[in-house]
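Step one of this worksheet: look at the structure below.
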Amino acid sequence: MRRTLLMTAAAVLVSMTGLAHAADTQPAAPAKSWQQGLSRTDLVHQDLGAADREVIQARVDFEPGITSPRHAHPGVEVAYVISGTFEYQLEGRAPVTLKAGDSLFIPEGVAHIAKNVGNDKGSELATYIVKKGEPLLILKQ
């Protein structure tokens, strides 16, 4: 009887190990590109009354794990994290992690990326004071 119990326990252990190994070797789901996992909703687009400046405010939503492309803006950006946790990497600076309620000033022309490092969708409120008539986003290498 004892031998039968030991053999049964060994068989169960071997089958569980096989299942765990099979789960470990399953291919991972393909990662979403930033074009699929990032969306921007413009909220305000207003002339500031200055000869060459306007303000644009947008909500930017990131799926988990999504990183923006490296880019800059033709003016300043103030990013306010509405929800989630983000890592921001500004050119020439150490990365900074922000959570809901935190904000960050990004100077004009500074290349940067933002990544949702949380497990859920994250959102930021981006306020740009930029030069009129120029593209809001300039992709950088």
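The values are calculated or read from the model by the stated rules, or taken from the named source; none is laboratory data. Source: prediction; values computed, not measured. Neighbour counts run over all protein chains shown; Cβ positions are idealised from the backbone, glycine included.
Assorted remarks:
- Elements of type strands (runs of 3 or more DSSP E) in the range 84-141, at least 2 residues being at pLDDT below 95: none
- The set of residues in the range 54-98 that are within 13 Å of the chain's Cα centre (by Cα), touching a residue at least 60 places away in the same chain (Cβ under 8 Å) and farther than 15 Å from Leu125 by Cα comprises Pro69, Arg70.
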